[in-house]
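Let me begin by presenting the structure, written as structure tokens, before commenting on it.
The values are calculated or read from the model by the stated rules, or taken from the named source; none is laboratory data. Note that the coordinates shown come from a computational prediction; the quantities given were computed from them, not determined experimentally. Here Cβ is always computed from backbone atoms with ideal geometry, including for glycine, and neighbour counts include all displayed protein chains.
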């Protein structure tokens, strides 16, 4: 079975296709999304620094990933990315930022992952693609699912001020975010 915690060494590297060039300066949409905390979170209404890491989908132990998953540039690595944000969460908070994960998976699916990985921050479900459509976030289709490409947004008082895209390898994302926060 696939080890979800480890990235294969031969993954294709995603290329910058310009799909996020429009995001800096945009206001986060005022949409309430269900979170793994059991509450709804309106990301656009949150005050202060907010890091939203958007990812395609996490796998589950003993469940096969979609066919061809490892050949899709940037698809593989959601579990290592989430674990890396978990491991650097206190450092991110010390830099004045809150962290939220976001995918198009249903909340119950996300809840299993959040519990299994002991995530100290909420993960929200954009299963109706409302957040994605409002910001025109890049997507791809795998196994008849519309999934987000991996992109991280840093917002301040609801306005996007930095975008990390493409992200590779996925577990390097928090280091990029911390570097940005330390210098801005």
Seminar exercise, completed: Restricted to region 9-18 and to residues being surrounded by fewer than 16 Cβ atoms within 10 Å (Cβ to Cβ) and over 19 Å from residue 163 (Cα atoms), the residue modelled with the highest pLDDT is 12
For this session: Identify the residue in region 105-122 that is in contact with a helix residue (DSSP H, G or I) (Cβ under 9 Å, 6 or more places away or on another chain) and farther than 22 Å from residue 3 by Cα and, among all such residues, is surrounded by the fewest Cβ atoms within 10 Å (Cβ to Cβ).
Result: 120
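Here is a yes/no grid of residues against (1) modelled with pLDDT of 95 or more; (2) surrounded by fewer than 19 Cβ atoms within 10 Å (Cβ to Cβ); (3) assigned to a loop (DSSP other than H, G, I, E, B):
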position: 2; (1), (2), (3): no, yes, yes
position: 7; (1), (2), (3): no, yes, yes
position: 20; (1), (2), (3): yes, no, yes
position: 24; (1), (2), (3): yes, yes, yes
position: 33; (1), (2), (3): yes, no, no
position: 37; (1), (2), (3): yes, yes, yes
position: 53; (1), (2), (3): yes, no, no
position: 58; (1), (2), (3): no, no, yes
position: 67; (1), (2), (3): no, yes, yes
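Quick grid of which residues meet (1) at pLDDT 95 or above; (2) touching a strand residue (DSSP E or B) at 6+ places or on another chain (Cβ under 8 Å); (3) closer than 24 Å to residue 38 by Cα:
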position	(1), (2), (3)
126	yes, yes, yes
133	yes, no, yes
139	yes, yes, no
172	yes, no, no
Exercise. When you scan region 130-160, how many residues do you find that are surrounded by 14 or more Cβ atoms within 10 Å (Cβ to Cβ), in contact with a helix residue (DSSP H, G or I) (Cβ under 9 Å, 6 or more places away or on another chain) and either on the phi > 0 side of the Ramachandran plot or assigned to a strand (DSSP E or B) (or both)?
Worked result: 9
Problem set entry | Condition check for residue 73: surrounded by fewer than 18 Cβ atoms within 10 Å (Cβ to Cβ), in contact with a helix residue (DSSP H, G or I) (Cβ under 8 Å, 6 or more places away or on another chain) and either touching a residue at least 60 places away in the same chain (Cβ under 8 Å) or assigned to a strand (DSSP E or B) (or both) | no
For this session: Please determine, by comparing only the residues of region 161-180 that are within 15 Å of the chain's Cα centre (by Cα) and part of a strand (DSSP E or B), which one is farthest from residue 29 (Cα to Cα).
Result: 164
For this session: Take residue 167 and decide whether it is farther than 21 Å from residue 3 by Cα and buried (at least 19 other Cβ atoms within 10 Å of the Cβ).
Result: no
